[in-house]
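Before any comments, here is the structure.
The values are calculated or read from the model by the stated rules, or taken from the named source; none is laboratory data. All of these numbers come straight from a predicted model, not from anything done at the bench. All Cβ positions, glycine included, derive from the backbone under ideal geometry; neighbour counts span all protein chains shown. Areas reflect the complete protein model, heavy atoms only, side chains present, ligands, DNA and RNA absent. Shrake-Rupley method; radii C 1.70, N 1.55, O 1.52, S 1.80 Å.
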Amino acid sequence: MKKNILSLVLLLITSITVAQKNQRIAYIDMEYILQNIPEYLDAQNALDAKVEKWKTKLDKEARAIEVLKTDLSNEKAILTKELIEEREEDITIKQESLRRLESLYFGPNGDMYNLRKQLVKPVQDQVYNAVQTIASRKQYDFVFDKSSELVMLYSNKKHDISDLVVQMISIDQKRQAKKDKIEAKKELLKNDNLSDEQKEKIQQREDLRKKKEEDRLAKIKLIEEKRQQRLKERADKRKLLQEKRAALLKAQEEAKKKKEQEAEENK
């Protein structure tokens, strides 16, 4: 498939070159550009750390399920049917929960996809915009990405505009930082010129925003507390059943010993 795409692209370039001798072509190395943008590296490191944390949590849950399966297999012979069914149901619930969590983290529209979009996409957009600007100024007709699936059999370094893209992004970032600093000063001066009534309204809006955030966090905390309570109730119930099972086994063992003693005495 890649060979077919390469052939078509090379054929297209050759045709265009023959038809129009003055076509201007350049290329970039996207991997090289991104590795030279500190914001991208920071975003990628943040994403990798989050992914590692999610994987660790999933692995921990999976190991816990395997322990439950092993325990059930080892103790099945001495458990009642009711206890077996309860523990099998518990394992099934945990497995379904693990699958949902995995989908939540790594599904098509999961947290990893959204976080990558949030962290990495703005930097990629910067690269795209810089390429567009350079191509327009330099009057390039085509700009290819050397690091993409398109295989470049030969590339002359003089057509590589990757460093130019990095420089342009750096300049744009400095310009934006300067602009943000000026806007911040303007906002500060603007606030200094506000009347007491206007300042009070701004403070009220800020207080309302904080209250909404506090309410949201309180709601999340309440949900988590209820979940922990349910888990505790289930753990207490399981502990009670295990104590009953242990007492039953002990009673059976004592009855067996007593019966054996009686049998010995009757001999």
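The table below lists the values:
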| quantity | calculated |
| --- | --- |
| Verdict on GLU264 being exposed (fewer than 10 other Cβ atoms within 10 Å of the Cβ) and at pLDDT 75 or above | yes |
| Odd one out for TRP54, checked against (1) open to solvent by 90 Å² or more (accessible area, probe 1.4 Å); (2) without any contact (Cβ under 8 Å) to a residue 60 or more places away in the chain | (1) |
| Residues located in the stretch 107-125, provided they are open to solvent by less than 100 Å² (accessible area, probe 1.4 Å) and part of a loop (DSSP other than H, G, I, E, B) | GLY107, GLY110, VAL120 |
| Pairs where the first residue, in the stretch 78-104, is within 11 Å of GLU61 (Cβ to Cβ) and the second is surrounded by 12 or more Cβ atoms within 10 Å (Cβ to Cβ) and aromatic (Phe, Trp, Tyr), C-beta under 9 Å, 6+ apart | LEU101/TRP54; GLU102/TRP54 |
| Top-ranked residue in the stretch 218-267 [being under 24 Å from ILE93 (Cβ atoms) and aliphatic (A, V, I, L, M); ranked as nearest to the chain's Cα centre (by Cα)] | ILE220 |
| ILE134 being under 30 Å from GLN242 (Cα atoms) and of a type outside the set (Lys, Arg) | no |
| Residue that is surrounded by the most Cβ atoms within 10 Å (Cβ to Cβ) [pool: residues in the stretch 80-103 that are in a helix (DSSP H, G or I) and of a type in the set (S, T, N, Q)] | GLN95 |
| Answer from ALA246, ALA251 - the residue that is open to solvent by less than 90 Å² (accessible area, probe 1.4 Å), in a helix (DSSP H, G or I) and over 24 Å from LEU68 (Cα atoms) | ALA251 |
| Odd one out for LYS21, checked against (1) of a type outside the set (Phe, Trp, Tyr); (2) under 30 Å from VAL165 (Cβ atoms); (3) modelled with pLDDT of 80 or more | (3) |
